Each structure stands twice: as structure tokens, then as C-alpha cells.
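Notes to accompany the following structure.
The values are calculated or read from the model by the stated rules, or taken from the named source; none is laboratory data. Quick caveat, the model's predicted, so the values are computed rather than measured. Note: ideal-geometry Cβ built from the backbone for every residue, glycine included; neighbour counts use all protein chains shown.
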Amino acid sequence: MNWISPESRLTAVNSLAMQLDYYFDISNLLKDMYLRKHMNSQGWINLDFITGFYRVRALSCGDLSVIRDSLDHAGQFEWGVVERDQNATPESSKTKEAVSSEEDSKSELTETEAGSSEAAELANPIANIKIRALAEPLNWVLPESDRDGCGLDDAVPTTIHKREELQNPEVEAEAETEPQSAEPFEQQASSSIPESIEK
């Protein structure tokens with residue numbers, strides 16, 4: 001059940017984005033071995049794992065859509081959705097009979113089953129989402145013997161999303177306007193000095 005009012009939802013999304021950014025900030029990753037233990041070989045962590053953190057549960061009030069929306073407001077990590085067949089056992093390890101029976105069952109998928117899977121995705125908007133640090137993600141990966149839980153799952157997202165750098169255009173715009181605005185100011189200052197003072 002959603003306990004967040006529409007008025008406070010944006011605040012919750014922004015607060016949660018800042019909290020998630022904190023987890024993936026370099027200063028935290030240097031000391032947070034528990035988080036790093038759950039990174040896979042490419043630095044990805046299941047978002048489901050992070051939603052179990054106390055601060056994430058508190059800030060989101062248990063609303064998974066708030067967690068999903070916060071991903072678009074954070075800037076310290078990238079995220080993506082893992083396709084379902086990546087989680088399946090590779091075909092090379094299956095018998096030909098098992099593969100053919102799976103193909104038959106897939107072709108017999110009814111509209112009801114398809115509708116129920118869509119409903120499940122709506123019920124859990126963060127299913128199969130993984131996130132990882134934006135800055136040097138492989139630097140934080142521990143050896144496989146030190147990894148735990150989702151750190152042993154090597155599935156990776158097919159499409160990677162990250163927040164567009166919103167600050168760079170502003171910084172560039174400020175840098176461009178500062179020299180231009182400084183020049184007229186100096187001209188204005190020199191022209192406003194009374195002639196008696198200049199002499």
C-alpha cells in the first residue's frame with residue numbers, strides 16, 4: 001500500500017536519490033565492504049538487495065515506485081534491467097529434450113499468463129534492476145571468494161541508464177557569461193569615475 005501523499009512524493013524521491021548517491025559515492029565505497037561484497041564481477045548489485053536497507057525502506061515508505069523513480073534523479077550510479085533469459089541456465093548445459101520442451105511451453109503461453117507477467121512487473125517496478133557505481137565500477141569489485149549473495153550473480157543489464165550531467169552545461173554557461181559580463185562591468189566602472197578623480 002502506498003502511504004506517501006502526492007505532495008510529499010517528490011521530496012521522498014529526491015531524498016532517496018541522495019541516499020542512493022551516498023551509497024555509491026567514492027568516500028562510502030572505500031569503507032563499505034558489505035555493499036561491495038554484493039557486487040558481481042562487473043560491479044552490478046541487485047536493486048532488490050539495496051531496498052532491504054533501513055534508510056531506503058524508511059525514505060520510500062515501502063513504495064517501490066518511489067525507489068524506481070529515484071533512479072532517474074541520482075548521479076553517482078548507472079542502472080539497467082536484466083533480461084529474464086540471462087537468469088536462465090545456459091542452453092549448453094541443458095539436454096536437447098529439455099530445450100525442445102521449453103520451446104514448446106513458450107509457444108503455448110496464453111494471453112492470461114502474459115497478462116499475469118505484466119501485472120507482476122507493475123506490482124514490482126524494480127524487478128531485475130541492477131545498479132553500479134558510475135566512477136570506475138570495476139575498482140570496487142572484490143575477488144569471487146569474498147563475494148556473497150547477488151555478488152555471485154554475473155547477469156548484467158542489456159541497456160544502461162544514467163542521469164544526464166545537468167551541471168556541466170550550467171558550468172559551461174556560467175564560464176561563458178562571466179568573462180563577457182566582467183568586461184562591460186569594467187567599462188561601466190571606468191566610465192562612471194568622475195573626471196576630477198581620474199586627474
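Yes or no: S65 in contact (Cβ under 8 Å) with a residue 60 or more places away in the chain, of a type in the set (S, T, Y) and not in a helix (DSSP H, G or I)? Answer is no for this residue.
Among residues of the stretch 148-165 that are of a type in the set (S, T, Y), those with a Cβ under 8 angstrom from a residue that is at pLDDT 85 or above and in a strand (DSSP E or B), sequence gap 6+ or separate chain, pair up as T158/G80; T158/V81; T159/G80; T159/V81. Of the residues examined, A17 is one that is in the same structural domain as D72 (by TED's automatic domain parsing), in a helix (DSSP H, G or I), under 15 Å from the mean Cα position of the chain (by Cα) and not acidic (D, E).
Yes/no per residue for (1) free of Cβ contacts under 8 Å to residues at least 40 places away in the same chain; (2) crowded, with 16+ Cβ neighbours inside 10 Å; (3) under 20 Å from N128 (Cβ atoms):
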residue	(1), (2), (3)
S5	yes, no, no
S15	no, yes, no
D21	no, yes, no
I26	no, no, no
L30	yes, no, no
Q42	no, no, yes
D48	no, yes, yes
V56	no, yes, yes
D72	no, no, yes
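Among the residues of the stretch 41-52, those that are out of contact with any strand residue (DSSP E or B) (no Cβ under 8 Å at 6 or more places or on another chain) and among the polar types (S, T, N, Q) comprise S41, T51.
Part of a strand (DSSP E or B) and modelled with pLDDT of 80 or more: does that describe I131? Answer is yes for this residue. The single condition among (1) among the hydroxyl-bearing types (S, T, Y); (2) out of contact with any Leu (no Cβ under 7 Å at 6 or more places or on another chain); (3) modelled with pLDDT of 90 or more that S101 does not meet is (3).
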